[in-house]
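Reviewing the structure listed below.
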Amino acid sequence: MFIDKKIYEIYPINPTYPDMLKKIPSAPKKIYAIGNISLLNEKSISIVGSRNSSEYGRKITKSITKDLVQSGIVIVSGMANGIDSVAHKTCLEYGGKTIAVLGSGFRHIFPKENEELFHQIIENDGLVISEYPIDTPVQMKNFPKRNRIISGISDAVIVVEAGAKSGSLITANHAINQGKEVWAIPGNINLANSVGTNELIKDGANVLTKLGDIIW
């Protein structure tokens, strides 16, 4: 994929490198970034969830994202299908700022259909980052690893929908280990997409039912 934007290389010694990220286990030795790098040091919340999202999950994501954007919060997610994409797109729709964390190089967007979203984020004063060089191909093993960065640059993590083995649970566990607040949306106990979020709540995650629960 052709890229005509400046690519920043950010090291832990650089002021732009987020202090929160320096403190996590296995902090990336370098971040590649395209877009508004100042967002790395603004208050942010990550919103993650199932790729196979339900109408309920998408509706809740839109509502939460809109409210957070209107409160001046930067939205962080992984630019995957489903909940991630809804969070990014809703953020852009309401004039907010968003950060996408990739598990591949900038020339290998995954999923392919989100190449347009990649450009929209950059063109709307957002930011796309990766710990992988620009030509790094898509390797599925890298996506769970990148989730530590999603939580690492965020003040808190919201999990909207998650199956029993969802990558969103990996993000939530990273957040817990990093000392971050984790919020989960309760779901229908009969639906597979609610298994992970309901388990998070059983294990002590905060229950999110309205924006007032999370704004501090």
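The values are calculated or read from the model by the stated rules, or taken from the named source; none is laboratory data. Keep in mind it's a predicted model, so treat the numbers as computed, not measured. Surface areas here come from the heavy atoms of the whole protein model, side chains and all, with no ligands, DNA or RNA. Shrake-Rupley method; radii C 1.70, N 1.55, O 1.52, S 1.80 Å.
Phi angles of the stretch 11-26 translate, via the Karplus equation with coefficients 6.51, -1.76, 1.60 and θ = phi - 60°, into HN-Hα couplings of 10, x, 7, 7, x, 6, 5, x, 4, 4, 6, 4, 8, 7, x, 6 Hz per residue; Gly and Pro are given as x.
Share of pairwise Cα-Cα distances greater than 23 Å in the stretch 1-127 is 30 percent (whole percent).
Note that the stretch 120-216 presents 46 Å² accessible area per residue, ligands and nucleic acids not counted, probe 1.4 Å. Surface composition of the stretch 107-183: carbon plus sulfur atoms contribute 51% of the solvent-accessible area (1.4 Å probe, protein chains only, all chains present). Scaled against the 2.2 N^0.38 Å expected of a compact globular protein of N residues, the Cα radius of gyration of the stretch 100-163 reads 1.14. Within straight-line reach of Lys23, meaning a Cα separation under 26 Å, sit the following lysines at least 8 residues removed in sequence or on another chain: Lys43, Lys97, Lys141, Lys145, Lys180. Segment Glu115..Lys29, full-extension length gain: 28.4 nm, with 0.36 nm per residue of separation and the alpha-carbon distance subtracted. With the helix formula -39500 (n - 2.57) applied to DSSP H stretches of n ≥ 4, the chain reaches a computed 222 nm mean residue ellipticity of -9500 deg cm²/dmol.
For the residue pairs Lys5/Lys210; Lys30/Lys89; Lys59/Lys112; Lys62/Lys112, the alpha carbons lie more than 32 Å apart in Lys5/Lys210. If both residues of a DSSP beta bridge must be in the chain, then about 25% of such bridges are antiparallel.
Give the Debye-formula value of log10 I(q)/I(0) at each listed q (0.10 Å⁻¹), with one equal scatterer per alpha carbon of the chain, two decimals each. Log10 I(q)/I(0), no solvent term: -0.37.
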